[in-house]
Amino acid sequence: MSDRQKELTHVISEYFPNSWHRHCSKFLLNNFKVKYPLLILQDLFWMAAKAPNEFLFKKRQ
């Protein structure tokens, strides 16, 4: 998990080519709030971020 540092993402994919890499939701939310400051959108962001599978993710959109 990282905060979207490009160098770190590159190195992880180079050394662990078959691994999953995730980004910190809190960091993404801080960037999201800059562009979309409405509180309701932040709630929707967390509902989508916490969805355990694709079906529930789409249901929460």
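Residues of the stretch 18-52 that are hydrophobic (A, V, I, L, M, F, W, C), within 12 Å of the chain's Cα centre (by Cα) and under 24 Å from Leu8 (Cα atoms): Cys24, Phe27, Leu28, Leu29, Phe32, Ala49. I'm trying to understand the selection: among the residues of the stretch 24-35, which are surrounded by 13 or more Cβ atoms within 10 Å (Cβ to Cβ) and of a type outside the set (S, T, N, Q)? Correct list: Phe27, Leu28, Leu29, Phe32, Lys33.
Beta carbons closer than 7 Å, at least 6 apart along the sequence or on distinct chains, pair a first residue in the stretch 10-35 that is more than 18 Å from Lys50 (Cβ to Cβ) with a second that is among the polar types (S, T, N, Q) and loosely packed, with under 10 Cβ neighbours inside 10 Å for Ile12/Ser19.
Each value in this text was obtained by applying a stated rule to the coordinates, not by laboratory testing. Fair warning: this is a prediction, and the values are worked out from it, not measured in the lab. Every residue, glycine as well, gets a Cβ built from its backbone with ideal geometry; the counts of neighbours run over all protein chains shown.
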